[in-house]
Amino acid sequence: MAVPNQAQVKRAKDTVAAVLKGKAPEDFAPEATQIIRSEEVVGVGVGLLDSEEENAGAALVFYVSQPLTRAQEEILSKQLKVKIRVEVTGEFFPTDEPAFEEQYSAAGLGHWALIDREYRKKMRPCPAGYSVGTRKWSGTIGLIVINDPQRTQLYICSNNHVLNNDNSTGYTEILQPGGADGGISPRDTIGRLDRFIRLEKKKDNYMDAATAIPRSNSLLDPRYGRNKLVLPGHYLQYRVGWRLWKAGRTTGDVEGVVDSVHTDVRVNYGSYGGLGVITFKDQTIVKGVNPVSIAGDSGSCWLRKDDNFACAINYAGPRDGKYSICFPINWFMSAFKCKVARPGWITEDNSPSTEEDALLFSSLLPLDDAERLADAVEYGQ
């Protein structure tokens, strides 16, 4: 499907990025600058004008913590010279914290998210989708991956803030299930923090990512979810409008639709690592009808519904959980030099990619960016 206004939307997205860096065009209205730089705007990305209509043209999507007035929307559309869509999401937070019931009540979820406890179990060997974490909290095993091309070591793929105590190289013991699900050391110790990409307070971030190395490869099962699916591989790119599903420690098996790509977001990490609110570039937002990303779902991996190829790793969302903030799994595979593991020490068959309608596809990292991310990988003790 050709989208006629891609060039305009790309220019508008570049303008927003310039405004956020204090480099607004000379003729850009101060009122528009004020809106874009306000705390209420928590994300800006590229999606469809009508998220329910596959044939809709491209638009700039604003994610906001509070509704914008019609006048504000008109100012943005006029100054950016594109149509915009506004999604009222609330603030974004990482989704690894202990799953307190009062958080769900405050979000109007009641006990919905507490019904499915399958993924909080202790599993040996453990497949992807199940609880993992430190002594304090729980997140989700996104994938079981294998080093490539050596194919000698299995790893847990998840988030930095799930597998790392404090965003540092210090030793972190990894439990399965995680501490929020009754995991106790040494009884439930499955491994330790292996590698991670440090989250930066004053720089743009691209991934909240880490690996854990098990005490023994036999402790991990290179399959996915309660039905122990053998995954075929991962996508190099995916498109706005694709239907995805994932297994997560808290929400269980859920479905969502890629709402936007090339999305710059602000995520509030609170006291974790002394970070506070930090920025991420070129992220993906997946939207669900029901909650898809709440406390304990951090690290879970979105798969394409049609073929179960891995697409993206979830790490954050708003309090109601109906939006998932994630990054392309291909970035992780490139930086950590891994592939999707399969039984018998076999790596994935292939990694499909397409560049049609490139603006509406997730980013393929240029070689220099891929090398920079690989250089940013640090080892835990």
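The values are calculated or read from the model by the stated rules, or taken from the named source; none is laboratory data. Predicted model only: the values in this text are computed from it and were never measured. Cβ placement follows ideal geometry from the backbone for every residue including glycine, while neighbour counts extend to all protein chains displayed.
Can you find, within region 41-90, the residue that is farthest from SER362 (Cα to Cα) among those that are touching a residue at least 40 places away in the same chain (Cβ under 8 Å) and of a type in the set (Ser, Thr, Tyr)? So, considering only residues that are touching a residue at least 40 places away in the same chain (Cβ under 8 Å) and of a type in the set (Ser, Thr, Tyr), the one farthest from SER362 (Cα to Cα) is THR89.
Quick grid of which residues meet (1) β-branched (Val, Ile, Thr); (2) closer than 21 Å to ARG226 by Cα; (3) crowded, with 19+ Cβ neighbours inside 10 Å:
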position	(1), (2), (3)
SER131	no, yes, yes
ASN147	no, no, no
ARG151	no, no, no
ASP166	no, no, no
TYR171	no, no, no
ARG192	no, no, no
PHE196	no, no, yes
LYS203	no, no, no
THR211	yes, no, yes
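On the basis of being under 19 Å from LYS287 (Cα atoms) and either more than 24 Å from the chain's Cα centre (by Cα) or modelled with pLDDT under 90 (or both), does GLU26 make the cut? No; evaluated as a whole, the condition is false for this residue.
Among the residues of region 6-29, those identified as in contact (Cβ under 8 Å) with a residue 40 or more places away in the chain and under 30 Å from ARG239 (Cα atoms) are GLN6, GLN8, VAL9, LYS10, ARG11, ALA12, LYS13, THR15, VAL16, ALA17, LEU20. When VAL254, VAL292 are checked against the criterion of being at pLDDT 95 or above, assigned to a loop (DSSP other than H, G, I, E, B), in contact with a strand residue (DSSP E or B) (Cβ under 8 Å, 6 or more places away or on another chain) and crowded, with 24+ Cβ neighbours inside 10 Å, a single residue qualifies: VAL292. If you check ALA59, ALA12, ALA18, ALA32 for being surrounded by 17 or more Cβ atoms within 10 Å (Cβ to Cβ), more than 24 Å from VAL286 (Cα to Cα) and small (Gly, Ala, Ser), only one passes: ALA32. Residues in region 168-224 that are of a type in the set (Lys, Arg), under 29 Å from PRO343 (Cβ atoms) and out of contact with any Asp or Glu (no Cβ under 8 Å at 6 or more places or on another chain): ARG187, ARG215, ARG223.
Would you say ASN227 is in a loop (DSSP other than H, G, I, E, B) and either in contact with a Gly (Cβ under 8 Å, 6 or more places away or on another chain) or farther than 18 Å from LYS121 by Cα (or both)?
Here the answer is no, as ASN227 does not meet what is asked.
Count of region 240-251 residues, restricted to those that are in a strand (DSSP E or B) and either of a type in the set (Phe, Trp, Tyr) or within 22 Å of VAL162 (Cα to Cα) (or both), is 4.
For every residue, the table says whether it meets (1) assigned to a helix (DSSP H, G or I); (2) under 24 Å from the mean Cα position of the chain (by Cα); (3) at pLDDT 95 or above.
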residue: GLU52; (1), (2), (3): no, yes, no
residue: PHE62; (1), (2), (3): no, yes, yes
residue: LEU68; (1), (2), (3): no, no, yes
residue: ALA71; (1), (2), (3): yes, no, yes
residue: GLU87; (1), (2), (3): no, yes, yes
residue: GLU97; (1), (2), (3): no, yes, no
residue: TYR104; (1), (2), (3): yes, yes, no
residue: ALA113; (1), (2), (3): yes, yes, no
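Using the structure shown, decide if LYS13 is basic (Lys, Arg) and part of a loop (DSSP other than H, G, I, E, B). Taking the combined requirement at face value, the residue does not satisfy it. Counting only strands (runs of 3 or more DSSP E) that sit completely within region 133-205, those holding 2 or more residues that are under 21 Å from the mean Cα position of the chain (by Cα) and within 26 Å of ARG372 (Cβ to Cβ) correspond to 143-147, 154-158, 189-197. The sole residue among ASP264, ASP259 that is touching a helix residue (DSSP H, G or I) at 6+ places or on another chain (Cβ under 9 Å) and under 14 Å from PHE92 (Cβ atoms) is ASP264. Residue by residue through region 325-381, note down the ones that are of a type in the set (Val, Ile, Thr) and either loosely packed, with under 13 Cβ neighbours inside 10 Å or modelled with pLDDT of 85 or more (or both). Correct list: ILE325, ILE329, VAL340, THR354, VAL377.
Across region 257-289, which residue is surrounded by the most Cβ atoms within 10 Å (Cβ to Cβ) among those that are touching a residue at least 12 places away in the same chain (Cβ under 8 Å) and farther than 24 Å from ILE36 by Cβ? Among residues in region 257-289 that are touching a residue at least 12 places away in the same chain (Cβ under 8 Å) and farther than 24 Å from ILE36 by Cβ, the one surrounded by the most Cβ atoms within 10 Å (Cβ to Cβ) is GLY288.
The residues of region 320-343 that are touching a Phe, Trp or Tyr at 6+ places or on another chain (Cβ under 9 Å) and polar (S, T, N, Q), listed by number, are SER324, ASN330. Inside region 295-331, residues that are touching a helix residue (DSSP H, G or I) at 6+ places or on another chain (Cβ under 9 Å), closer than 19 Å to VAL277 by Cβ and either in a loop (DSSP other than H, G, I, E, B) or without any contact (Cβ under 8 Å) to a residue 40 or more places away in the chain (or both) make up a count of 3.
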